[in-house]
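The values are calculated or read from the model by the stated rules, or taken from the named source; none is laboratory data. On a predicted model such as this, the values are computed, not experimentally measured, just so you know. When we count neighbours, we look across all protein chains shown, and the Cβ atoms used for this are built from the backbone with ideal geometry, even at glycine. In case anyone asks, the SASA skips ligands and DNA or RNA and just uses the protein heavy atoms, side chains included. Shrake-Rupley method; radii C 1.70, N 1.55, O 1.52, S 1.80 Å.
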Amino acid sequence: MILRMTAIGALALAAPLHAQEMTDAQRSEVTELWEPVPEVIEAPADAPPSDAIVLFGGESLDAWESVDGGPAEWIVEDGAMRVNRGSGGIRTTESFCDVQLHVEWRSPPNDEGHEGQDRGNSGVFLQERYEVQVLDSYENPTYANGQAGSIYKQHIPLVNASRAPGEWQSYDIIFTAPEFGSDDRVAAPARVTVLHNGVVVQNDAEIQGGTVWIGAPSYAEAHDCAPISLQDHDSDVAYRNIWVRELN
Ligand code: MG
């Protein structure tokens, strides 16, 4: 970090003046930091920040591929993309470490007759491993660490901020990737903050390892930056307006 040393500040650090000899303004300058100067970006109300990578803007799946390799086969219509049930999940072609991720999603209004985990299930996987659960959790009881806004099977959301099926909802996710030591064991676990419809539902939660349906999570293997993936869980969940900002 570079401190732009003011004349007064340099003097104060080298040979501090008696406090009485400095004005309040001079004393305040000692602790001013002028560098680094934050990059200027645009943050419009109705569009992604200017330094974001747009992963889905409403028309193209170019930033995505099938998790099994090959092109993403989800359905693009009306400015959104929708799970193509049975085609499998999709992931970004690019890999990411620490990110701010914005995702809008909509659970289908036609999953009536389905309950619990079978209603509007999908998921946002950070680094293809750590799932922020997507589920229709509007008047739909299920295990709390598996409802919308949970870190699946790890952390219960702080509140249920779900909107009714058919309505668009948002996740804003701040993710810190795990770090691994030279022995490939985890040195610093992943951490995540999640806002669901603008409401904090995960506050710097520590992720215990890769998401698993059965058993305890663990950091079974070291990994580098990795794609963001979206789950095909046999429900017509749609996504739109997906963008990411790299934080590292
Ligand atoms: Mg899921």
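Check V67: other-chain or 5+ apart residues with amide H under 5 Å from its amide H, H built from backbone geometry?
Under 5 Å from the amide H of V67: G89, I90, R91.
Could the peptides 52-59, 65-72 be put in order, highest first, of the mean number of other beta-carbon atoms found within 10 Å of their residues? Present the calculation step by step, with values, prior to reporting the outcome.
On the way: 52-59: 17.1, 65-72: 14.6.
Taking the mean over residues of other Cβ atoms within 10 Å, the ranking is 52-59, 65-72.
Mind ordering 217-229, 147-159 by average Cβ neighbours within 10 Å, highest first? Intermediate values should be presented prior to the final figure.
Numbers: 217-229: 16.1, 147-159: 21.5.
Highest mean packing first, the order is 147-159, 217-229.
Please tell me the relative contact order of the stretch 65-177 in percent, rounded to the nearest whole number, where contacts are Cα pairs under 8 Å and at least six residues apart. It would help to have the intermediate numbers written out before the result.
Details: 186 pairs, mean separation 28.4, N = 113.
RCO, the stretch 65-177: 25 percent.
Can you tell me the Rg and Dmax of the chain, counting just the alpha carbons, in angstroms?
22.5, 78
Enter the accessible area per residue of the chain (Å², integer; probe 1.4 Å; all protein chains in place).
Values: 12960 Å² over 248 residues.
On a per-residue basis, 52 Å².
Could you give the length gained by full extension between D68 and E115, i.e. 0.36 nm per residue of separation minus their alpha carbon distance, to one decimal place?
On the way: separation 47, 0.36 × 47 = 16.92 nm, distance 2.85 nm.
Full-extension gain reported as 14.1 nm.
From the phi angles alone, apply the Karplus equation (6.51, -1.76, 1.60; θ = phi - 60°) to the stretch 200-207 and give each ³J(HN,Hα) in whole Hz, x where the residue is Gly or Pro.
Those phi angles translate into 5, 10, 9, 10, 6, 6, 8, 7 Hz.
Where the accessible area of the chain is counted over protein heavy atoms with a 1.4 Å probe, how much of it, in %, is carbon and sulfur? Intermediate values should be presented prior to the final figure.
On the way: 6490 of 12960 Å².
Percent of accessible area from carbon and sulfur atoms in the chain: 50.
Could you work out the helix-only [θ] at 222 nm for the chain, with each DSSP H run of four or more residues adding -39,500 (n - 2.57) and the total divided by the number of residues, to the nearest 500 deg cm²/dmol? Walk me through the intermediate numbers first.
Numbers: 2 runs with 14 residues, N = 248.
Taking each H run of at least 4 residues, the total per residue is -1500 deg cm²/dmol.
What is the set of long-range amide H partners of Q208 at a cut-off below 5 Å, with H atoms built 1.01 Å from backbone N?
The answer is none.
Testing the spin-label approximation: label points 7 Å from Cα along Cα→Cβ at E94 and A188. State their distance in nm.
2.3
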